[in-house]
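Asker: Provided herewith is a single structure, encoded as structure tokens, for subsequent inquiry.
The values are calculated or read from the model by the stated rules, or taken from the named source; none is laboratory data. None of the values given here were measured: they were computed from a predicted structure. Methodologically, a virtual Cβ is constructed for each residue, glycine included, from the backbone with ideal geometry; neighbour enumeration extends over all protein chains shown. Side chains included, ligands, DNA and RNA excluded: accessible areas come from the protein's heavy atoms. Shrake-Rupley method; radii C 1.70, N 1.55, O 1.52, S 1.80 Å.
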Amino acid sequence: MGMGSDMYRQQILDHYKNPRNYGEMENPTFSHVGENPSCGDTIKVDVRLEDDGETIEYVSFTGDGCAISQASASLLSERLQGTTLDELAAMDTDDVTEMLGVDISPMRIKCAVLARQVAQDGAKLHEGELDDLDRTVTEE
């Protein structure tokens, strides 16, 4: 790992120490909470959609967890603004690790993808695609 990796590590630490879009949103279109039971990370994602009902206007989050889960939630909250629910649904693990910019060990991948999974499940609940889902539990 070279200088580029150090830059991404600094980015992760910055997003962990100074999270973007952290806090509860007033009147979100939908909210969802999820946890990673293997380590105790918990994240709540609030999403407000634009009037078209498809484009993400704003994302905020709250939660507790490791630097990877919190930095990932912060980065995701910035990245999702202006995207569509279909683009959110299409996001996969590779998109998250690319956004983080560092290699994530298999033991930490659940931490890295938690916010994405919470946002995706919240969108599915909002669209009526999932029922009776109390919380996201990462299975990857």
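Asker: Excluding ligands and nucleic acids, what accessible area in Å² is computed for residue 116 using a 1.4 Å probe, to the nearest 10?
Answerer: Per-residue accessible area (residue 116): approximately 10 Å².
Asker: I've got another one for you. Testing the spin-label approximation: label points 7 Å from Cα along Cα→Cβ at residue 87 and residue 20. State their distance in nm.
Answerer: In this crude label model, residue 87 to residue 20 measures out at 1.3 nm.
Asker: Using a 1.4 angstrom probe on heavy atoms only, work out the carbon and sulfur share of the accessible area of the stretch 8-140 in %.
Answerer: Values: 2860 of 6700 Å².
Reported share for carbon and sulfur atoms: 43 percent.
Asker: Shifting gears a bit: Taking amide H positions as placed in the peptide plane 1.01 Å from N, state which residues far from residue 130 in sequence (5 or more) or on other chains have amide H under 5 Å from it.
Answerer: So residue 130 has HN proximity to 125.
Asker: (1) 12, 40, 33, 13, 3, 0; (2) 13, 46, 33, 8, 1; (3) 13, 44, 38, 5: which one is P(r) over Cα pairs in 10 Å bins from 0, in percent as calculated from this entry?
Answerer: Read-out taken from this structure: (2).
Asker: What residue among 52, 86, 103 shows peak mean-square fluctuation when the chain is described by a Gaussian network model with Cα springs under 10 Å?
Answerer: Of 52, 86, 103, the Gaussian network model singles out 52 as fluctuating most.
Asker: Which whole DSSP H helices in the chain pass both tests: a Cα extent of 20 Å or more along the axis and a mean Kyte-Doolittle value no lower than 0.0?
Answerer: On the way: long enough: 3-17 (21 Å, -1.15); 109-126 (25 Å, 0.21).
Those that clear 20 Å and a mean of 0.0 are 109-126.
Asker: For the chain, modelled as a Gaussian network with Cα springs under 10 Å, which listed residue fluctuates most, 64, 121, 41?
Answerer: So, out of 64, 121, 41, the one fluctuating most is 64.
Asker: Most fluctuating residue of 90, 123, 115 in a GNM of the chain with Cα springs under 10 Å: which is it?
Answerer: Judging by the Gaussian network model, the answer is 90.
Asker: With +1 assigned to the C-beta of every Lys and Arg and -1 to the C-beta of every Asp and Glu, and no other charges, what is the dipole magnitude of the chain about the Cα centre in debye, to the nearest 20? Write down the numbers at each step before the final one.
Answerer: Working: 11 positive and 29 negative charges, 161 e Å.
Here the size comes out at about 780 debye.
Asker: Counting heavy atoms of the protein chains only and a 1.4 Å probe, report the per residue accessible area for the chain as a whole number of Å².
Answerer: On the way: 7320 Å² over 140 residues.
Using a 1.4 Å probe on heavy atoms only, each residue of the chain averages 52 Å².
Asker: Could you work out [θ]222 nm for the chain from helices alone, using -39500 (n - 2.57) per DSSP H run of at least four and dividing by all its residues? Round to the nearest 500 deg cm²/dmol.
Answerer: Working: 5 runs with 61 residues, N = 140.
After summing the helix terms and dividing by residue count, I get -13500 deg cm²/dmol.
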